[in-house]
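The values are calculated or read from the model by the stated rules, or taken from the named source; none is laboratory data. A quick note: this is a predicted structure, and the numbers were derived from the prediction, not measured. Neighbour counts are summed over all protein chains in view; Cβ atoms, including those assigned to glycine, are modelled from backbone coordinates with ideal geometry.
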Amino acid sequence: MDGDNSLTFTDVFNEYKDRTFDFAVKMLGDRDAAGDIAQEVFVRLYTKMTDHYRITDIKSWLFILTRNLCLNKIRDRCHEVPLSAVSDNPGDHSDRDRHRQIELRRALLALEPEYREALILREYQGFSYTEIAEILGTTVPAIRALLYRARCRLRETYRQTSFMG
Amino acid sequence: MRCDKYKEMLSARLDGELTEFETWELDSHLATCPDCRAFAAELDHISDLNRSTGTESLPADVEDRIMTRIDNAKNARKGWRVFSGYYRIPRTVVWIGSLVLAVLLYDALSGSNHMNTIIPGHGDAVSENSQTRKIVLTEKDVVERRVFTASKDHL
Ligand SMILES: [Zn+2]
């Protein structure tokens, strides 16, 4: 649907509202803050569309804006993410799997934002390396190396938190 | 370390981003390296766990707030609709139009000003002002004064 000028605001909103919110929740571990960011993103999109700005790739535009707003929030935030703010929407899983998923979400939130965003875009949002490179403003080889380092860090952190938990 | 290259390949393989040649190269290495096989198993486990986690949906109350803000923005814009086709006029055209209008307005005002000097009444007002304030009126002063008088008349 990228670059399609016949798209209405409602089309884009329905297509991406959950994905952008999910990205923000996983970046921040905080549903309220993620809701505020989703609100900001779609109001800005509406303004751009009614002002006839040409957005060549709406999907990238939405994720770049969501990412920037999340990073601002993380920079401004002076407190740790409370663990209760890590929402759990586990799907159909056993208690053991569910517990592991929560541990992993905590490990993800403990990562540096640059690792976290790359992992979320790849693992949860299913973006290709090319798309992630576009959103993060870098190259495909850099994304490949970044995801490798991010996975190594997540593995270490997950080991620590699951041993402690 | 020699294995770093293969571990990075393992990460890329999870994402389906390995070339055929790299896949062959990685498989050959895995056949001989227990350390990389253990790393691969761990990455697979973490990735499965990640990918099986549910996704979040935008809460209904947030959606309502977004729609309310958009309705407000829509209503605010409706006020501009009196300029029919406002939405479809490119910004540059609006700017150029405003500039032309400003020039025309200035011309009209300074043009009629030449006439003011020969119209009695208007001239009186100017001389009265020059007497009390003891200043030399230029053409620009008169234009400004006229604008002031006009706006005062509207009050
Ligand atoms: Zn190895």
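Quick notes on this one:
- The set of residues from region B:57-108 being at pLDDT 85 or above and either in contact with a Ser or Thr (Cβ under 6 Å, 6 or more places away or on another chain) or not in a helix (DSSP H, G or I) (or both) comprises B:S57, B:L58, B:P59.
- Selection status of A:F63, within 11 Å of another protein chain (Cβ to nearest Cβ), within 24 Å of A:N14 (Cα to Cα) and modelled with pLDDT of 95 or more: no
- Search result, residues across region B:7-35 that are within 9 Å of the ligand (Cβ to nearest atom), more than 14 Å from A:R151 (Cβ to Cβ), part of a helix (DSSP H, G or I) and touching a residue at least 12 places away in the same chain (Cβ under 8 Å): B:H29, B:L30, B:D35
- Those residues of region A:118-165 which are within 10 Å of another protein chain (Cβ to nearest Cβ) and within 15 Å of B:L49 (Cα to Cα), in sequence order: A:L119, A:I120, A:R122, A:E123, A:Y124, A:Q125, A:G126, A:R151, A:L154, A:R155, A:Y158, A:R159
- Within this structure, A:D88 passes the test of being within 14 Å of another protein chain (Cβ to nearest Cβ), farther than 22 Å from A:I143 by Cα and modelled with pLDDT under 95.
- Residue within region A:23-30 that is free of Cβ contacts under 8 Å to residues at least 24 places away in the same chain and under 16 Å from the mean Cα position of the chain (by Cα) present: no
- In region B:37-58, the residues that are crowded, with 20+ Cβ neighbours inside 10 Å and more than 7 Å from chain A (Cβ to nearest Cβ): B:F39, B:A40
- In this structure, B:T53 does satisfy being under 30 Å from A:K26 (Cα atoms) and of a type in the set (V, I, T).
- Unmet requirement for B:R69, which otherwise passes all of (1) facing chain A (nearest Cβ under 9 Å); (2) within 11 Å of the ligand (Cβ to nearest atom); (3) over 21 Å from A:L108 (Cα atoms): (2)
- Residues located in region A:95-114, provided they are closer than 18 Å to A:T20 by Cα and of a type outside the set (A, V, I, L, M, F, W, C): A:R105, A:P113, A:E114
- Matching helices (runs of 4 or more DSSP H) fully within region A:91-143 where at least 3 residues are over 23 Å from A:S60 (Cβ atoms): A:95-110
- Candidates B:D4, B:D48, B:D44, filtered to the one that is out of contact with any helix residue (DSSP H, G or I) (no Cβ under 8 Å at 6 or more places or on another chain) and within 16 Å of the ligand (Cβ to nearest atom): B:D4
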